[in-house]
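For reference, the structure discussed in these notes is given below.
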């Protein structure tokens, strides 16, 4: 489906939309939600590559993002390293770590993989909560401001631009990746591992690579969130955050880059809309998840498929 | 289906923003952990705020204007607290903020209230919130340090020097454990055992056995809240440990006695005076307020008063009084008037704030020691 | 030595609690291949409904029966939702049960409240003293009831016609259909049985741990670890898994660090998945993917 549309055209469209949106922002709160949505979208795009294209579930990505963020924060705030360098070191550590654990983990399938990632995620969050000396324990710790080459990111507009650029670049990179031979390889793994194996593809190697990519993106987005909000707590690494991310992927639509974007935006904005339900908030949230899974298991992005299909049918019949 | 929902959600957003725009009210924001692991704090706090705001409005409001309480539930997540703080400041344009319920959340939002110059009265326990003093941040809640000091003083009086800690692993238990370890040496008390348990554990026998078999232990203190302390108390009684057991203000509610049952006999609990408002000496300055609050809360919500709802009452009335005195809803002026609060009789005690003291609660009366006898509280003198 | 005995005994108590929760996972997984992430909320529903029925003035026994019936209806509701779903991929079913868990928590928060609740122990508050340590009457009751449930489940699946049909259906859906077995009914029955076990767990637990609308989250996770450690295969696996978990936790809390006690479950879970993917009994059926 994607091939029909030029990737570059999509990217330009997205860039224009991201440039226009701020004109509708009435105040800083809109920026907050937009920035949160974009940072979530980054993690979810990576997770989507893992889940939707490589077919591997992870119920621990919140924890990876949280751990990565904590490493950046401890390096920059506690040890006074340059924020950019801290993120770079954190990315390196997390890439190595995820590569190491990917070997035994990705051998598992289906539910077992989900459970293993869930287990690792919870262990990470327990460690972050117990090791108070480094992490500030369950009360969390404050984070120094994000200074890059002498420029301090202090106002929302700067953060918006940074996140938007990162988002556009990531989507561009992923679209190209998916339509490259590598992407086709991933899909063949997703369709049938046995078949892929039998034609001599080193399945486990490719799965590891995708896992590492998704963890690296989670680390970057998680770290940026910590710098943006000026505070970090083990909550970032909690089970519920991991679940939230998976719900974003599935809600948006598995295996679709833009699905990930929709999922992230909707699930970031939705809790803000639901506050008016007060006590009924949790109930309504649960109902929405159930309803989407029952009626649109392919996610919100599938709605657009139907629209496109109808259009095509219309144009064909006229 | 989903299209419908999106439409409805959008419509709802428009309607709610319209309502907010159309009414000229004094907007006070509240960030509470009404659900989630700290709902034992946030739930009574939110109920109290809603009830008394309604009461103030029924009596004609403040300076002729109605109060509009805009409250958000964080589920004790600092991340959500940050987002909702920005929403209160930028979107809802509140003149003052009450909350959050927990220390972690409060620390997370400090820099945003500072930047926006909006007064904040936190309902969390940690000393770090107001020490060092920050211009826009107040808190009238007794700190966990006060609770520890009260316990230590009581131990000293009873000549018990070797203390064992068994703490809950939530933020509340951890923070108090840290404070107690810090103040113990001042009272000549040694921590000879230091155990913890998980928030949702169902049996603490292992940890207690360790304490029981430690020959040095003379007395045990259990900082924590919720189901944990009740299970500790039950296991403690089952193991027939003879040392006195102390509980924190986290369980200072009749609910604890109800859940721990007979095992709670003889347990000492450090608590804010409101829990036993009816039993206080008439000489206690804030007895009237505390008792009125206790009675009203228990009557309205049909549940026992705890340590926490009172924080919300005090925060609300300190802000309302400041608005009255300022005759204005300018956040700067409200802040100045809050800082001038003198002799305010609140549920938690008498409050005197100043530019150098943003806690203002008398350390001597902030906490009292209770003992459970015949399933009821008695005040230890 | 006495310390060790105490830790073991405490571990056994907790282990049977995990078993009670883990059993529910096993029943649903074996019949449908679904991991039900709302299992912990079934436990909560059982406990909370009982407490509030007692508050409403109903006698203990009636409250139990009603609460169990309510929870089994919840189980059937979940099955209905799953069967409505247009897609039965694992990921969407995981999310569906997670959503159902959130829904149940939200519902409990509105119908009941956010407070802690307890009910009197029906066997009395006391405890047996063994050497220098103790085990409460309620804990003994839990052990007895859990064992009874395990044995009855085993007998049910092995010895009764319905039970055998259920096993057959889960092993080979097509063959079962050919034999005229009504798969839908059987799956529904499994969800109901699982919910009934969970609600019994919830009722038995409440006098010990007390209950509130969120109590299901951690219980669910631990029960789930117990089920996997035991291999998800048989009811006996859940017992073994629960006991291993409970005892290890208790030993770690006693000898190592009570702070890291909660991590034990997940470390063991990973070890089992990596090194003994069939659970400690190694009797797991070939993976259903």
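Which members of segment B:250-265 meet the condition of being more than 10 Å from every other protein chain (Cβ to nearest Cβ) and out of contact with any helix residue (DSSP H, G or I) (no Cβ under 6 Å at 6 or more places or on another chain)?
Answer for segment B:250-265, where residues must be more than 10 Å from every other protein chain (Cβ to nearest Cβ) and out of contact with any helix residue (DSSP H, G or I) (no Cβ under 6 Å at 6 or more places or on another chain): B:254, B:265.
For the subset of segment C:94-116 comprising residues that are more than 8 Å from every other protein chain (Cβ to nearest Cβ) and outside any loop (DSSP other than H, G, I, E, B), which member is farthest from the chain's Cα centre (by Cα)?
Going through the qualifying residues, I end up with C:111.
Which one of the conditions (1) over 23 Å from residue B:144 (Cβ atoms); (2) surrounded by fewer than 24 Cβ atoms within 10 Å (Cβ to Cβ); (3) touching a helix residue (DSSP H, G or I) at 6+ places or on another chain (Cβ under 7 Å); (4) touching a residue at least 40 places away in the same chain (Cβ under 8 Å) does residue B:330 fail to meet, given that it meets all the rest?
Looking at each condition in turn, residue B:330 falls short on (3).
State whether one or more residues within segment C:136-159 are outside any helix (DSSP H, G or I) and within 29 Å of residue B:232 (Cα to Cα).
yes
Quick grid of which residues meet (1) crowded, with 21+ Cβ neighbours inside 10 Å; (2) away from chain C (no Cβ under 13 Å); (3) touching a residue at least 60 places away in the same chain (Cβ under 8 Å); (4) in a helix (DSSP H, G or I):
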| residue | (1), (2), (3), (4) |
| --- | --- |
| A:206 | no, yes, yes, yes |
| A:211 | yes, yes, yes, yes |
| A:261 | yes, yes, yes, yes |
| A:264 | yes, yes, yes, yes |
| A:287 | no, no, no, yes |
| A:293 | yes, no, no, yes |
| A:302 | no, no, no, yes |
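Only one residue in C:176, C:169 is farther than 15 Å from residue C:44 by Cβ, touching a helix residue (DSSP H, G or I) at 6+ places or on another chain (Cβ under 8 Å), more than 14 Å from chain B (Cβ to nearest Cβ) and touching a residue at least 12 places away in the same chain (Cβ under 8 Å). Which one?
C:169
Hey, can you tell me all the residues within segment B:247-273 that are part of a strand (DSSP E or B) and crowded, with 24+ Cβ neighbours inside 10 Å? Even if it seems obvious, please write down each step before you answer.
Start the filter on segment B:247-273 by keeping residues that are part of a strand (DSSP E or B), which leaves B:247, B:268-271.
Selection gives B:247, B:269, B:270, B:271.
Name the single residue that is farthest from residue A:29 (Cα to Cα) among those in segment A:124-164 being within 12 Å of chain B (Cβ to nearest Cβ) and in a strand (DSSP E or B).
Checked segment A:124-164; the qualifying residue farthest from residue A:29 (Cα to Cα) is A:141.
What are the residues in segment B:73-101 that are in contact with a strand residue (DSSP E or B) (Cβ under 9 Å, 6 or more places away or on another chain) and farther than 22 Å from residue B:334 by Cα, if any?
B:73, B:74, B:78, B:79, B:80, B:81, B:82, B:83
May I ask you to list the residues in segment B:178-215 that are more than 8 Å from every other protein chain (Cβ to nearest Cβ), free of Cβ contacts under 8 Å to residues at least 12 places away in the same chain and surrounded by 24 or more Cβ atoms within 10 Å (Cβ to Cβ)?
none
Out of curiosity, is residue C:6 surrounded by 24 or more Cβ atoms within 10 Å (Cβ to Cβ), at pLDDT below 95, more than 22 Å from the chain's Cα centre (by Cα) and in a helix (DSSP H, G or I)?
Criteria met by residue C:6.
Here is a list: B:114, B:157, B:93. Which entry is without any contact (Cβ under 8 Å) to a residue 60 or more places away in the chain, surrounded by fewer than 23 Cβ atoms within 10 Å (Cβ to Cβ) and either on the phi > 0 side of the Ramachandran plot or within 14 Å of another protein chain (Cβ to nearest Cβ) (or both)?
B:114
For a quick check of your reading: which helices (runs of 4 or more DSSP H) sit entirely within segment A:1-118 and have at least 2 residues that are without any contact (Cβ under 8 Å) to a residue 60 or more places away in the chain and more than 14 Å from chain B (Cβ to nearest Cβ)?
Those helices (runs of 4 or more DSSP H) span A:7-20, A:83-105.
In segment C:18-34, how many are within 10 Å of another protein chain (Cβ to nearest Cβ) and at pLDDT below 90?
Let us first name the residues in segment C:18-34 that are within 10 Å of another protein chain (Cβ to nearest Cβ), namely C:18, C:29, C:33-34.
Among the residues that remain, those that are also at pLDDT below 90 are: C:29, C:33-34.
Total satisfying the criteria: 3.
Please tell me if residue C:44 is within 27 Å of residue C:123 (Cβ to Cβ), within 14 Å of chain A (Cβ to nearest Cβ), touching a strand residue (DSSP E or B) at 6+ places or on another chain (Cβ under 7 Å) and in a helix (DSSP H, G or I).
Spelling it out, residue C:44 is indeed within 27 Å of residue C:123 (Cβ to Cβ), within 14 Å of chain A (Cβ to nearest Cβ), touching a strand residue (DSSP E or B) at 6+ places or on another chain (Cβ under 7 Å) and in a helix (DSSP H, G or I).
May I ask you to verify whether residue B:283 is modelled with pLDDT under 90, surrounded by fewer than 24 Cβ atoms within 10 Å (Cβ to Cβ) and either touching a strand residue (DSSP E or B) at 6+ places or on another chain (Cβ under 9 Å) or assigned by TED's automatic domain parsing to the domain that holds residue B:99 (or both)?
Taking the combined requirement at face value, the residue does not satisfy it.
For segment C:193-278, please list each of the helices (runs of 4 or more DSSP H) lying entirely inside it that holds at least 1 residues being free of Cβ contacts under 8 Å to residues at least 40 places away in the same chain and surrounded by fewer than 24 Cβ atoms within 10 Å (Cβ to Cβ).
Filter on segment C:193-278 gives C:261-275.
Restricting attention to segment C:58-78, and to residues there that are within 14 Å of chain A (Cβ to nearest Cβ) and within 17 Å of the chain's Cα centre (by Cα), which single residue is farthest from residue C:98 (Cα to Cα)?
That would be C:74.
The values are calculated or read from the model by the stated rules, or taken from the named source; none is laboratory data. If you're wondering where the values come from, they're calculated on a predicted model, not measured in any experiment. With ideal geometry, Cβ positions are generated from the backbone for all residues, glycine too; neighbour counts draw on all protein chains shown.
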